[in-house]
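Visitor: Before anything else, here's the structure in question.
The values are calculated or read from the model by the stated rules, or taken from the named source; none is laboratory data. Bear in mind that the values here come from a model prediction, so they are computed numbers and not experimental data. No Cβ is skipped: glycine too gets one built from the backbone with ideal geometry, and neighbour counts run over all protein chains shown. For accessibility, only protein heavy atoms count, side chains too; no ligands or nucleic acids. Shrake-Rupley method; radii C 1.70, N 1.55, O 1.52, S 1.80 Å.
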Amino acid sequence: MTIARIHIPRRVLVFTICLVVIVVLFYLLEHVGISTKEVARGALFVMTPLTLAAVGECINEKAGLVNIGLEGIFLLTAFFGVYGAVHLGSGYGGLLVGSLVGALIGFIFGIMSVYGRANQVVAGMGINVFAGGMLLFLMMTIWHATSYEVRPEFMISKISTPLGLLSPIIFVAIAIAILFHIILHRTFLGIKIRAAGEKPEAVDVGGKRVDRIRMFTCILGGGLAGLGGAFFSLGWLGTVVKDISAGRGYIALACVVFAGLEPLYALAAAFIFGFVEALASTVGIMPAAHAFPFLGYFLLMVPYIVPLVVVAIFIGRKPFPKASGRPYIRE
Amino acid sequence: MISKVPSALLSYLRENMRPLVESAFAIFVGLVVGGLILLVLHYNPIDGYVSMLKGFGIFIEQRNFGLTEFAYALAFATPYMLTALTFAVGMRAGLFNIGAEGQVYIGGAAAAWIAGHFALPVGFHVFAVTIIAMLAGALWALIPALLKIRRGVHEVISGIMLNWIAFYLVMYLAIYHLSGKYAHLTAEALPTARYEVLGMVGRIDLIAMISVILAVCLGVYILLWRTRVSHIGFIQRWRMMLFGLIVGGSYVAFAYVNQHFGKLMGGNLTTVIYVAIALCVGVYVFLWRMYPGYEIRLVGDNPDAARYAGISISRAILLSFIIGGLAAGLAGASLAIRPTNWGFNSTLGDFVGYGFVGIGVALVGRNHPIGIIPSAIFFGGLENSGRYLEADLGVSSELVGGIQGIIIIAMALPLLVLLLARLRRKAK
């Protein structure tokens, strides 16, 4: 008699372990005396821009494009979101401007990498360097200050929940992750996107335009990252400063790697890293932490160590589409 | 006959100058976009360009023809040269080694550690600092190399992750283990561990320095490529020895000149620039004149052919990562041990960005160890011109970062020049 073996994918296993660890940590924290509500709330706020950018990047990479300029999009849209909010007179208008600017950057990136056959990693790096310089330059020339407080009436108003005040964008981000997971796996558009990354020739033979699919994912990814960037300043921090995103564009990339290009896993990954970051800031101010200062820094490193270890040990080179990062040239 | 000469020259140039044209075009695009940004924000772009030229020591009122300014540009160019070398060697092996940023942090921390916390004999101390920093960079580069070889982890992914791990690690080390008198700075390098500051005032200094650099390049070139030697071995070793003698001798000569004619004016160009240039030339010799370097280039150009030829691809990858790590570690040392702090800030503001801009430097220098040198000087001058943009126009010096980003983006497009040529043909 044979016993039916239950096959659990490794990724599911890893994520289950992580989430169980988080639940255990929550339980422990309650005993130590840290408000778990505060940590969870912080985690949800950190999670939102990460999720938005990571979901866009997942879809982008599924279609065969690697845009590592997420950090640059964050930085520029954090500025342009506030700029738009001030000029349009509403926070939501600012979010719209932010995502449009993000989509524009995505569009430029798409034109370059789809039609110009640009090197995508170099172009993405260029976006990061460009944005890193331009953010402060624009702030200095337009606002004549190195930091800018967003006036309260332009902030996205928070709604009260059992966890405390939360931004509505958090729920939008969760909805977007689920929505795009369904689109990617249950619709014809999703098949086209995945095929464009896996076997662009087949898409071409099937009569669909690879370039248009890739342009679409580029613009979409840029727009989502732009929404995340505008959320930094308008929905969360309420200021614009140099390096406002503090490397979270790279954490979003880490989420994508950790999630193996699946939007729903990217949501989970973003929550895990958000939790770690919220924990780092909570632990950092605890008096006991002074005896062992490395802990706070180690927690800050975790979002980078975990994907690296997971990729190295569990996943390897598998999840990336075959045509990833390569321009498609019609014969 | 005579009329044919220009056309032959033109066709030669057309054959060989395309990479150069692409680089020049990318720089052109970067500068034009920078000017447009200024124009949109109601500044005069011409003033902006004049300020940028001032960063190179042109259009500036100085009694030594702006050479002081050029020395500042060279000081900025030194780390760029080295991080660009990291990326370029990676590219030659077909790798996207964007981990220079993290290796700079680690190298800088190692340099500050050795320089500030150990008392070593004069002469040996500087040497130890340099070597340990380079080895630390190489050690950090070993992680992505092994991950790539053993587990097939793409170097872009591991590079991004390791850059940030290094960032927080070095930040922790700087605050809790390396700090000295001031909490926000690492301990000052002991006087024995400091690189000599090159004199900034005397015109003779810079002329001497530039001519020494040129002489070294020329001497090495003549020795290695224009003397006829049929076998390697003893003679090659002899050549390398002579090369070392030239570099060392030029250093001594320069130190002499510096001592007698230069005045220390708080400038920040240190002797690391010699080591940097020597490393560039050395990597060139390694890649183009030695067998392991040839293997690296073959793996980069055609991995299949390399595999059929029995070349160990893993070894080539490992070597290119290690060379890159050595260069980036030295860049870290050059940034950590420089006037006027002789240490680095615990926010890592001294290090951030050099690794990424190095990618642009390498691309503009066509990923060629020698091409990197002028390219780095260009980027260094641009960086230096930020001060003049701030002083003359009143805009933030960060515009320079934007221009550098645009140049990198323009370099990503391999077909830009081709596309333009095609458009021109169509227009005809």
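Visitor: More than 14 Å apart: what percent of Cα pairs in the stretch A:58-99 qualify? Don't jump to the answer; show the numbers that get you there.
Guide: Details: 456 of 861 pairs.
Tail fraction, whole percent: 53.
Visitor: Mind checking A:297-307 for the average number of partner chain beta-carbons within 10 Å of each residue's beta-carbon? Walk me through the numbers before you get to the answer.
Guide: Working: counts 9, 4, 1, 7, 8, 2, 3, 10, 5, 1, 4.
Per residue, the number of nearby Cβ atoms from other chains is 5 on average.
Visitor: Restricting to Cα atoms and excluding each atom paired with itself, what does the Kirkwood estimate give for the stretch A:208-254 in Å? Present the calculation step by step, with values, prior to reporting the outcome.
Guide: On the way: mean 1/r = 0.0818 Å⁻¹.
With all distinct Cα pairs of the stretch A:208-254 included, I get 12.2 Å.
Visitor: Could you work out how much longer the chain between residue A:28 and residue A:185 gets when fully extended? Use 0.36 nm per residue separation minus the Cα distance between them, nm to one decimal.
Guide: Gain on stretching residue A:28 to residue A:185: 52.8 nm.
Visitor: Going toward the positive end of the dipole of chain A, with +1 on Lys and Arg Cβ and -1 on Asp and Glu Cβ, which of A:266, A:190, A:313 do you reach last?
Guide: A:190
Visitor: Averaged over peptide B:306-312, how many Cβ atoms belonging to another chain are found within 10 Å of each residue's Cβ? Please list the in-between numbers first.
Guide: Values: counts 0, 0, 0, 0, 0, 0, 0.
Counting other chains' Cβ atoms within 10 Å and averaging over B:306-312 gives 0.
Visitor: Please compute, for the alpha-carbon atoms of the stretch A:1-154, the extent along each of the three principal axes and give them in descending order in Å.
Guide: 72, 49, 24
Visitor: Sticking with this structure for a sec: I'd like the FRET efficiency for residue B:352 and residue B:117, computed as 1/(1 + (r/R0)^6) with the beta carbon distance as r and R0 of 41 Å, rounded to 0.05.
Guide: It comes to 0.95.
Visitor: Per 0.36 nm of contour for each residue apart, how much would the distance between residue B:181 and residue B:392 grow if the chain were fully extended, relative to their Cα-Cα spacing?
Guide: Taking residue B:181 through residue B:392 to full extension adds about 72.4 nm, to one decimal.
Visitor: When the gyration tensor of chain A is built from Cα positions, what are the square roots of 5 times its three eigenvalues, in whole Å, from largest to smallest?
Guide: Working: eigenvalues 193, 159, 60 Å².
One finds semi-axes of 31, 28, 17 Å for chain A.
Visitor: Please average, across the residues of B:342-348, the number of beta carbons from any other chain that are within 10 Å of each residue's own beta carbon, and give a whole number. Present the calculation step by step, with values, prior to reporting the outcome.
Guide: On the way: counts 0, 0, 0, 0, 0, 0, 0.
Average per residue, whole number: 0.
Visitor: Going from most exposed to least, what order do A:18, A:255 have by accessible area with a 1.4 Å probe?
Guide: A:18, A:255
Visitor: Listed here are the pairs A:158/A:192; A:199/B:148; A:208/B:426; A:62/A:208; which of them are more than 26 Å apart at the Cα? Show your work: numbers first, answer last.
Guide: Numbers: A:158/A:192 38 Å; A:199/B:148 24 Å; A:208/B:426 28 Å; A:62/A:208 16 Å.
The answer is A:158/A:192; A:208/B:426.
Visitor: Please report, for the Cα atoms of the stretch A:197-286, the Rg to one decimal and the Dmax as a whole number; what are they, in angstrom?
Guide: According to the Cα coordinates of the stretch A:197-286, Rg and Dmax are 17.4, 61 Å.
Visitor: Then there is this: For the stretch B:326-428, take N as its residue count and report Rg(C-alpha) divided by 2.2 N^0.38 Å.
Guide: This ratio for the stretch B:326-428 stands at 1.34.
Visitor: Report the A-B buried area as the accessible area lost on both sides summed, probe 1.4 Å, in Å² to the nearest 100.
Guide: Using a 1.4 Å probe, the pair buries roughly 4000 Å².
Visitor: Still on this structure: With a sphere of radius 12 Å drawn around the Cβ of residue A:161, what net charge do the other residues whose Cβ falls strictly inside it have (Lys, Arg +1; Asp, Glu -1)?
Guide: +3
Visitor: Along each of the three principal axes of the Cα atoms of the stretch A:166-324, give the extent in whole Å, ordering the values from largest to smallest.
Guide: 64, 38, 27 Å, listed from the longest principal axis down.
Visitor: Right, next: Once every DSSP H run of n ≥ 4 in chain A is given -39500 (n - 2.57) and the sum is divided by its residues, what mean residue ellipticity at 222 nm do you get, rounded to the nearest 500 deg cm²/dmol?
Guide: Helix-only estimate at 222 nm: -22000 deg cm²/dmol.
Visitor: Right, here's the next one. Calculate log10 I(q)/I(0) of the stretch B:83-154 for q = 0.14, 0.17, 0.22 Å⁻¹, where I(q) comes from the Debye formula with a single equal point scatterer on each Cα and nothing for solvent.
Guide: Values returned for q = 0.14, 0.17, 0.22 Å⁻¹ are -0.50, -0.67, -0.92.
Visitor: Accessible area of chain A with a 1.4 Å probe: how many percent of it is carbon plus sulfur?
Guide: Numbers: 9500 of 13940 Å².
Of all accessible area on chain A, carbon and sulfur atoms account for 68 percent.
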